[in-house]
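Single-structure report; data block below.
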Amino acid sequence: MELFPLDAPLFLGFLFALMRVSVLLFLLPFFGGQGLPSPAKAALCLVLTAALWPRLPNYGGTLPAHPFALALILLGELLLGLILALVVRIIFAAIQTGGQIIGFQMGFTMVSAIDPESGTTEDVTAHFLYMTASLIFLAMNGHLVLLSGLMTSFEHLPPGAIVLTPALATNLFQITAGLFTAAVQIAAPVLTALLLVDLALALVSRASPQMNVLVMGFPIKIGVGFAFLVLLLELMYLAMDGFVASLPTTVTRLMGLMR
């Protein structure tokens, strides 16, 4: 008599659910960085999978028994996690790019900070906007919306039902193509103000050539840049609000293109 009998279909269902949850969590901006230890992330994946798994249908019995077919299904789970994480990361990448543009115009190219997510260096303005966007996303319960979409993905796309279509590739290209446009839109208010400061300094240098405009320009541009960064937080809030509101529709559309 076996004390702990192993149900293979049930175990496979749990394994594939854990695979999908783990890939998504390890790639998210606020969970997948180096700041959170790997054992903590692994424990979080196990807890979330154990919480979601009882509500999922038992699809382990419908999975193929051949190891090669199971490996292909695991690859499909990996691609699904990558696509869902890309949808979330695109707004944060646009905010970081906008912060890089603002930092360059303010003269902060030599001032950098360590990004805890990737371990690389970036401009302080990009780091500040990224951390602020992460806090706004969590305050708006964006992570709960994403977990709800993850739960819905098991209903629309059970393991083995993921198909890569040309329409999916076209849609992903359209999403990524808007990254630079969104970055310019985020940085536009600060860039406009700094452009007006440059024009004013140019007029001052023409009217009074003896003044050292180059030395005067640095503190003025930094002060104006910080003043408009405060105003930019309201625009970031509105942009993140629209992104979180459209996130379920975007995820549902992408999953429909993968069926």
> Which one of 102, 168, 157 has its Cα pushed farthest toward the positive end of the charge dipole of region 8-257, where Lys and Arg give +1 and Asp and Glu give -1 at the Cβ?
Replying inline: 157
> Fewest to most neighbouring Cβ within 10 Å: what's the order for 173, 16?
Replying inline: 173, 16
> Dipole of region 8-257 (Lys/Arg Cβ +1, Asp/Glu Cβ -1, origin at the Cα centre): which of 136, 42, 72 lies farthest to the positive side?
Replying inline: 72
> When Rg is the radius of gyration of the Cα atoms in region 8-257 and Rh is its Kirkwood radius, what does Rg/Rh come to?
Replying inline: 1.11
> What net charge do the residues around residue 259 carry, taking every other residue with its C-beta under 14 Å from that of residue 259, with Lys and Arg at +1 and Asp and Glu at -1?
Replying inline: 0
> What size of dipole, in debye to the nearest 20, comes out for region 8-257 about its Cα centre when the only charges are +1 on Lys and Arg C-beta atoms and -1 on Asp and Glu C-beta atoms?
Replying inline: 180
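Values quoted throughout were computed directly from the atomic coordinates according to the rules given, and no laboratory measurement underlies them. Computed from a predicted structure; not experimentally measured. Don't worry about glycine lacking a Cβ; one is built from the backbone with ideal geometry, like all the others, and counts go over all protein chains shown.
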